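Comments concern the structure below.
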Amino acid sequence: MKFARIFASTTLLVTGCSHEMPYSYRPDPSNESTLAEQAATMYETNCAGCHGIDGGGSSARPLDDPRWWATVTDAQVVHVVSSGCGVLMPAFSKSNGGSLDDATIPPMVSQWRARWSKPNTTPAPSGWLVQQGDPTRGAALYTTACQRCHPTGAAGGITDENYLALQSDQALWNGIVFGRPDLGKVGLDISATDSADIVAWLGSKRPAWTKKDPSP
Ligand code: HEC
Ligand code: HEC
């Protein structure tokens, strides 16, 4: 179980992608390239295939979004990279079965932040989905806020059950709050509650074999 997921009778705390994690910094003294060079190489080798060259986005969302960096802490990003996210983002730390030494991840994340964040960027209200939404309310909100660009029933669209089976609730949240700047969609100006309600409705449309958020 890579993700801690806390269920209560009325509340679902989606904590999987948001845990703070203590870490220690241990640079490799035998490596003569700068940390920035190491971070660029580590990114291109392990991440660019999905998140795009230079963090610009590809099959997975871009990581060069300053608004996203302004919203998340290094420890949170370290946790996601170490333990993975949803079904499509692998765990990279050796302690989670990945290929990267645990201690090398935090300094790389600091470098990626230095590369892709921009000073004075206004953070999004919340980087993480942390509340259980109301799917009934979400259905109505979808019609007014999303339908015109994401028509329901479109094959391969965001209401397609095969798409939803592979997307974590957090990924859906990101699509609303941060958008896909690489695909011409900026984050929507929408409250955390409305966003969580829409995620809950989309989640309810996952196929029968996975009626739930596919995070491990
Ligand atoms: C096989 C494709 C793939 C690779 C390789 C990959 N990622 Fe991901 N990544 C994804 C997908 C897909 C998601 C969204 C997963 C979800 O929540 O459903 C994601 C999510 C993330 C997130 C979380 C974003 C958020 O707000 O929830 C971060 C951070 C991230 N990846 C960083 C990295 C880094 C850094 C690397 C390289 C060390 C990497 N990824 C390699 C596919 C990949
Ligand atoms: C003005 C048009 C527009 C509106 C309104 C809009 N979107 Fe999008 N959305 C896009 C575009 C363009 C993309 C990128 C192409 C794609 O993935 O379909 C996108 C992508 C997404 C993604 C996929 C993100 C990814 O990484 O694959 C999700 C999820 C999403 N939108 C959810 C929503 C929801 C939910 C709403 C309503 C709250 C909404 N969008 C409203 C245009 C819009």
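All but one of (1) modelled with pLDDT of 95 or more; (2) buried (at least 16 other Cβ atoms within 10 Å of the Cβ); (3) within 25 Å of Asn46 (Cβ to Cβ); (4) out of contact with any Pro (no Cβ under 9 Å at 6 or more places or on another chain) hold for Arg137; which doesn't?
(3)
Please work out if Gly133 is within 16 Å of ligand 2 (Cβ to nearest atom) and within 20 Å of the chain's Cα centre (by Cα).
yes
Give region 109-154 a look and list any residue that's hydrophobic (A, V, I, L, M, F, W, C) and either more than 30 Å from Phe92 (Cα to Cα) or without any contact (Cβ under 8 Å) to a residue 40 or more places away in the chain (or both), or say none.
Selection gives Val109, Ala139, Ala140, Leu141, Ala145, Cys146, Cys149, Ala154.
When you go through (1) more than 23 Å from Thr71 (Cβ to Cβ); (2) surrounded by fewer than 16 Cβ atoms within 10 Å (Cβ to Cβ); (3) within 13 Å of ligand 1 (Cβ to nearest atom); (4) not small (Gly, Ala, Ser) one by one for Arg180, which number turns out not to apply?
It fails just one condition, (1).
Go through (1) within 12 Å of ligand 1 (Cβ to nearest atom); (2) at pLDDT 95 or above; (3) farther than 23 Å from Gly153 by Cβ and name the single condition Gly175 misses.
All conditions pass for Gly175, except number (3).
Taking Thr121, is it assigned to a loop (DSSP other than H, G, I, E, B), more than 13 Å from ligand 1 (Cβ to nearest atom), surrounded by fewer than 16 Cβ atoms within 10 Å (Cβ to Cβ) and not assigned by TED's automatic domain parsing to the domain that holds Gly52?
For Thr121, the condition - assigned to a loop (DSSP other than H, G, I, E, B), more than 13 Å from ligand 1 (Cβ to nearest atom), surrounded by fewer than 16 Cβ atoms within 10 Å (Cβ to Cβ) and not assigned by TED's automatic domain parsing to the domain that holds Gly52 - is met.
The values are calculated or read from the model by the stated rules, or taken from the named source; none is laboratory data. As the structure is a prediction and not an experimental result, all values here were calculated from the model. Quick reminder, even Gly has a Cβ in these numbers, built from the backbone with ideal geometry, and neighbours come from all protein chains shown.
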